[in-house]
Amino acid sequence: MLMRVIAAITSSQVQAWVRIILLMAFVCMMTIGCVYTAPFTDAECRTVPHSIATMERIALGGLPQSIWFRGVSDSNPALILLHGGPGASEVALYVGGAQIANMPLGRRLAYDFTFSEAVKRGNSEARNALQQIGPPPYASVDELLAVEGWTQQFGGVNHAQLSTGTLIWAALTTDEANLIDLIKFGQGNRFSLTHLEPELSRLDLTERYRPFAVPIVFLLGHYDRHIPSELAEQYFNMIEAPCKRLLWFDQSGHNPPFEEPERFTAIMIKDVLPLAADGCAQ
């Protein structure tokens, strides 16, 4: 009986079952696998003394959050990445990457760029969609995301060969994130955008926030049309600070750390770190 069952199984069925098993294994690995950050090690695979590599779960505002610490020396100044804010005054310096200046004007410039590219490229689908939505202010988050999607497709977000899919795959192939993390990231991003949009859509830093008591560094991509760099440059020229620096990334759009990682790292070490340690005296 068993032999007759085995004989009845075709090679295509075997291949189908193999695919299903591999898919299930991949999903399990991505969703319930152990998430951790690998330690810094030397050539003999020993942990580097005084290095730090840990992920911790804490509660912020009553919500569970993950905090990721990595550094080759625990004596180095901490670099805190706050995507879109908020911030605090108790810092050694401020580094603004793809810095917002005037959100209402920036969104209008982004819309105009995107619509112009749709016409120039003969993309009737994009042109019709943008005409239907109309220029900002947008009626909903969905309209905002739709326009941003076309801006990205026309090279206004990433200038280099970089896409959201590339970043997602890069995250999934590390030990520090899995599929559930990315799903929650998307949900959290949507939650934040929905609740902050009424205030964010009116945000204009150029009138109220000019004097600062700490060094200011702006890192801007020449091809950023999502958060137009031209407005950030104008804002930078208005700022009063103990010292300030504007550094351009010639081959980047909105994401210099991912589009020009070597230059970004070099700037953080050679330009930003000394400011954090010694202030404007360096």
Quiz item: From the phi of every residue in region 264-280, what ³J(HN,Hα) in whole Hz does the Karplus formula 6.51 cos²θ - 1.76 cosθ + 1.60 yield, where θ is phi - 60° and glycine or proline is x?
Solution: 4, 4, 4, 5, 4, 7, 8, 10, 7, 4, x, 5, 5, 7, 10, x, 6
Self-check item: Low-density loop cleavage sites - chymotrypsin sites (Phe, Trp or Tyr not before Pro) in region 175-222, where at most 13 other Cβ are within 10 Å (DSSP)
Solution: Y209
Quiz item: For the residues E240, E117, what sequence is obtained by ranking on other C-beta atoms within 10 Å, fewest first?
Solution: E240, E117
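In terms of the ratio Rg/(2.2 N^0.38 Å) built on C-alpha atoms, what value belongs to region 103-200?
Dividing the Cα radius of gyration by 2.2 N^0.38 Å gives 1.22.
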Quiz item: So who's got an amide H within less than 5 Å of the one on K244, skipping anything under 5 residues away but keeping other chains? H placed 1.01 Å off N, in plane.
Solution: I216
Quiz item: Mind listing the phi-derived Karplus ³J(HN,Hα) values for region 189-194, rounded to whole Hz, using 6.51, -1.76 and 1.60 with θ = phi - 60°, and x for any glycine or proline?
Solution: 5, 5, 4, 5, 4, 4
Self-check item: In sequence order, calculated HN-Hα J values of region 204-213 (Karplus, 6.51, -1.76, 1.60; Hz; x Gly/Pro)
Solution: 9, 7, 5, 8, 9, 10, 10, x, 9, 9
Self-check item: Summed side-chain charge close to P256 - residues other than P256 whose Cβ falls under 9 Å, Lys, Arg +1, Asp, Glu -1
Solution: -2
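Values quoted throughout were computed directly from the atomic coordinates according to the rules given, and no laboratory measurement underlies them. Predicted model, so just to flag it, every value in this text is computed and none were measured. Please note: Cβ atoms are built from the backbone with ideal geometry, for glycine as well, and neighbour counts cover all protein chains shown.
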